[in-house]
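Take a look at the structure set out below.
Laboratory data are not the source of any read-out in this text; all were calculated from the coordinates shown. All values reported here derive from a predicted model rather than from experimental measurement. Backbone-built Cβ (ideal geometry, glycine too); neighbour counts: all protein chains shown.
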C-alpha cells in the first residue's frame, strides 16, 4: 500500500488569501483541486509538496458563464459539469465531448478543468479540445495577472509556464467565427478509466456552408511529449473545399506530423495509423456539424 508523504493542508477563504499563501510558500506548495492526479503522483513519489493549498472555498473559480464574446470557465469547474453543459454543447461541442469521455463518472465528478490542464499529461483529454478552439488561461499571482494561450502553456510532460506563486484561475474561450464545427475522438482499450492511446481534436471554420475552409486546427494527443498541431495537414486544408479526397490527404499528412513512442498501450506505427483514422473522422464530423447548424438555423 502506497502512503502519502506528510504535508500541511491549507484552505484559504478567498482568492486574495490563496494568492498570499502561494507567494509566501512558493515551490513548497501545490494547488489541490479534485485531487485525481496530484494524490496519485504523491503516492508514487513523483512529487512531495510540503503544503497542499485547496481552493474549494474560492467561489469565483466555480463559474461557467457566457460573456459578450465567448465563454469563461472557472478553473475549479468539475468535468461532469462541462460534459452536461448545454452552453458548451451548443457553442464548443468538442470540449463537451472530451469532458464526457474523461475517466469514469466518479472521476468526472471530482476532476476539475484546471487540474486536467496544469498536470500537463501528454494524454489528458481536455487540452487538445481546448487548444483546437484557441483557448487561453488566466494566471494570477500576488503581483498581478496574465493570459497565456494554451498553445504556449505546455513545455513538456508535467511541465508548464505556470510559476510557483501563480494560480490558474480561468479558461477563456473566445467566440468562434460563424460556420465553425469541431469534434474530439480518443481511442483507449476500454470505454472508461482509460488513458488515450491516441486522441485527435479538430475544428474547422468555413466561409459558408458547403464552402471553403478559412481556418482549421488539428490537435494530436498522446503521440508526442505534449499536444501538437498537425501543421502539414492544417496547411493543405486552408482555402480549399473539404472534399473526401482532401480530408484523406490531410489525414495522411497528420500521420506524418506526429512522433509517437511504443509503450505498453500501443506501438508507434499503430498509433500513426490511428492518427490517420481519427483525423479523417474528426475533420469529416466537424464539417458535418457546420452544415447541421445551418440546417437548424433555417428551420
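Would you mind ranking 282, 160, 252 by Cβ crowding within 10 Å, fewest neighbours first? Each step should come with its number before you reach the end.
Working: 282 28, 160 21, 252 17.
Exposure proxy ranking, most exposed first: 252, 160, 282.
Taking the DSSP beta bridges in region 1-141 as the whole, what percent of them are antiparallel, to the nearest 5?
DSSP beta bridges in region 1-141 are roughly 40 percent antiparallel.
Compactness ratio of region 60-174: Cα Rg over 2.2 N^0.38 Å, N = residue count?
0.98
Could you list 100, 75 in order of exposure, starting from the residue whose Cβ has the fewest other Cβ atoms within 10 Å?
Working: 100 16, 75 27.
Ranked by crowding around the Cβ, least crowded first: 100, 75.
Only bridges with both residues in the chain count here: give the DSSP antiparallel percent, nearest 5. Please list the in-between numbers first.
Numbers: 42 of 49 bridges.
Of those bridges, close to 85 percent are antiparallel.
Per the helix-only calculation at 222 nm, which mean residue ellipticity applies to the chain, given -39500 (n - 2.57) for every DSSP H run of n ≥ 4 and division by its residues, nearest 500 deg cm²/dmol? Walk me through the numbers on the way to the answer.
On the way: 12 runs with 109 residues, N = 299.
After summing the helix terms and dividing by residue count, I get -10500 deg cm²/dmol.
Using Cα-Cα distances under 8 Å and only pairs 6 or more residues apart, what relative contact order does region 8-53 have, in percent?
Numbers: 35 pairs, mean separation 26.5, N = 46.
So the answer I get is 58 percent.
Between residue 174 and residue 72, with labels modelled 7 Å along Cα→Cβ, what's the label distance in nm to one decimal, could you check?
1.7 nm
Out of 236, 171, 38, any idea which swings most in a Gaussian network model of the chain, alpha carbons joined below 10 Å?
Per the Cα network of the chain with a 10 Å cutoff, 236 tops the list.
So if I take the alpha carbon set of region 1-114, get Rg, then get Rh from the Kirkwood formula, what is the Rg over Rh ratio?
Details: Rg = 15.8 Å, Rh = 15.5 Å.
Rg/Rh for region 1-114 comes to 1.02.
Which angle between 0 and 90 degrees, to the nearest 10, do you get for helix 15-25 versus the longest principal axis of the chain when only C-alpha atoms count?
That works out to roughly 70 degrees.
Taking the chain as a Gaussian network, Cα atoms linked when under 10 Å apart, which of 11, 289, 248 shows the biggest mean-square fluctuation?
Answer for the Gaussian network model of the chain: 11.
At a threshold of 8 angstrom on Cα-Cα distance, excluding pairs fewer than six apart, so keeping six or more, what relative contact order does region 180-298 reach in percent? Please list the in-between numbers first.
Working: 233 pairs, mean separation 35.8, N = 119.
After rounding, I find 30 percent.
Could you tell me the calculated FRET efficiency between residue 246 and residue 152, based on Cβ-Cβ distance and R0 = 35 angstrom, to the nearest 0.05? Spell out each step's value before the answer.
On the way: r = 29 Å, r/R0 = 0.84.
The calculated FRET efficiency here is 0.75.
How do 244, 8, 37 line up, fewest other C-beta atoms within 10 Å first?
By the 10 Å Cβ count, ascending, the order reads 244, 8, 37.
What relative contact order, as a whole-number percentage, does the chain give when Cα pairs under 8 Å and 6 or more residues apart are counted?
Values: 653 pairs, mean separation 45.5, N = 299.
After rounding, I find 15 percent.
Quick one: among 245, 276, 170, which has the greatest mean-square fluctuation in a GNM of the chain with alpha-carbon springs under 10 angstrom?
Sorting by GNM fluctuation, first place goes to 245.
What is the angle, in °, between the Cα long axis of helix 244-257 and the longest principal axis of the Cα atoms in the chain? Nearest 10 is fine, range 0 to 90.
Its long axis makes an angle of about 40 degrees.
Shape verdict for region 180-298, please, from the Cα gyration tensor: rounded (a/c under 1.5), prolate (a/b greater than b/c) or oblate.
prolate
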